[in-house]
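Written below as structure tokens is the structure these notes are about.
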Ligand code: XUL
């Protein structure tokens, strides 16, 4: 019997899924929530308060305290910890941890958070929500132009780790000089498990503006320009199937077996791609969260000519795309509050009362500054909302969100996916799923496991350790829970609206 543990160190907490590959089922799901379980870190949403709204840093002690708490919880719940044969993990992408000393083999007499303090060269870790590196991005763009995008898969992006490292090195040169290692959240948590520094994988490494995706090595020009001596401070970068190390004996206090293999961690989006069974060509994934993300396995390495999308390493080999739409559930919640309706009206009644196409009504739903395309906040409609019913305004938002996803995923085949798997809170809405099916003219499938990143990590552990092929693991753990077929009669309608949407976008820029 082989149990594999997948961990997900996410913005709001730490989650775990354990899979049994012999029985083909999930045998345990556990979680620690930063707001409810670790209030002493003053980070209810996963980051520390800051007077500057653009700055979003987290306390890395909270991440390791969550690890102690999670394992303690699993053991106290009677979970057979000794049956875990291997571990991998997923981390919120782009966040970075700065260490002045190597990760040691931990002393079981003290907790992890206490032992971490003397190792840190920077008390806090910038996370993916940080938007404070505009100047650094401008500098890197000026220096490298399109080369940055062509070689790393992304233009300079505020939340990406390279610009974040540069800001720290320029503003705090003494602390930078003391820094011996810069970890991502993923490689940091993996190192904590192993009690020694571990590498970064191609999936998460590609979110740094530092990894050359043609050579799959740290790019000497980008690293040299980003910060002094950066190359010597980065962990090695390795394939996502690498066994990074062995579990530290520290964790035997939770009943785990010292020395079991730990597969290199990856980013949460690469792990989710695996967790929803999307690691091979042909399936795209839409994750409907605060932001909506669209990601897919890529046939070839291509970059977004508009500079909005990203390319990351695919943990199953090759590459994956990722496009992030800031105004996802954020916009849906905003409109729902504005109209004063409940979720049942929003998710069910509104679409039942209106027709596909909705009289051609479209909107650019930029309730807050949008990533894709990169524009300031400001909602634009091609109609006067005073002339439309609440139901028509809601259908307009959902159809516009589906159309912008199709439009901005076209660079990597967005119009041609025949199967799309949807996850995230808003994927519960069957009407939104039907709109997505019609706009993309693709089957829309849901999956039964909500925590796709931790499930993906567990699958990656089974693949990396047992050698179980991903396709077999997808059949075991990622089957579709529901399928919605597109209505082929609506193809022409939405092709036309796609062109109208593009015209509306141009009219704004
Ligand atoms: C992706 C990104 C987010 C974080 C969330 O580029 O910034 O999806 O990974 O955890």
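The values are calculated or read from the model by the stated rules, or taken from the named source; none is laboratory data. As the structure is a computational prediction, the values presented were derived from the model and not from experiment. Quick reminder, even Gly has a Cβ in these numbers, built from the backbone with ideal geometry, and neighbours come from all protein chains shown.
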For the list (1) without any contact (Cβ under 8 Å) to a residue 40 or more places away in the chain; (2) more than 20 Å from residue 435 (Cβ to Cβ); (3) within 13 Å of the ligand (Cβ to nearest atom), I need the number of the one condition that residue 300 fails.
(3)
When region 270-287 is examined, which residues are found to be in a strand (DSSP E or B) and crowded, with 24+ Cβ neighbours inside 10 Å?
284, 285, 286, 287
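Limited to region 90-130, what total is found for residues that are under 15 Å from residue 181 (Cβ atoms) and either assigned to a loop (DSSP other than H, G, I, E, B) or more than 16 Å from the ligand (Cβ to nearest atom) (or both)?
Number of matching residues: 14.
Could you identify the single residue in 60, 155 that is touching a residue at least 40 places away in the same chain (Cβ under 8 Å), in contact with a strand residue (DSSP E or B) (Cβ under 8 Å, 6 or more places away or on another chain) and within 16 Å of the ligand (Cβ to nearest atom)?
That would be 60, the only listed residue that is touching a residue at least 40 places away in the same chain (Cβ under 8 Å), in contact with a strand residue (DSSP E or B) (Cβ under 8 Å, 6 or more places away or on another chain) and within 16 Å of the ligand (Cβ to nearest atom).
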Just checking, which of 260, 274, 264 is within 16 Å of the ligand (Cβ to nearest atom), at pLDDT 95 or above and touching a helix residue (DSSP H, G or I) at 6+ places or on another chain (Cβ under 9 Å)?
274
Taking residue 130 as the residue in question, decide whether it is in contact (Cβ under 8 Å) with a residue 40 or more places away in the chain and buried (at least 16 other Cβ atoms within 10 Å of the Cβ).
yes
Residue tally, condition within 15 Å of residue 498 (Cβ to Cβ) and either over 28 Å from the mean Cα position of the chain (by Cα) or at pLDDT below 95 (or both), over region 380-405
1
Residues (over 17 Å from residue 20 (Cβ atoms) and either free of Cβ contacts under 8 Å to residues at least 24 places away in the same chain or exposed (fewer than 13 other Cβ atoms within 10 Å of the Cβ) (or both)) located in region 470-482
471, 481
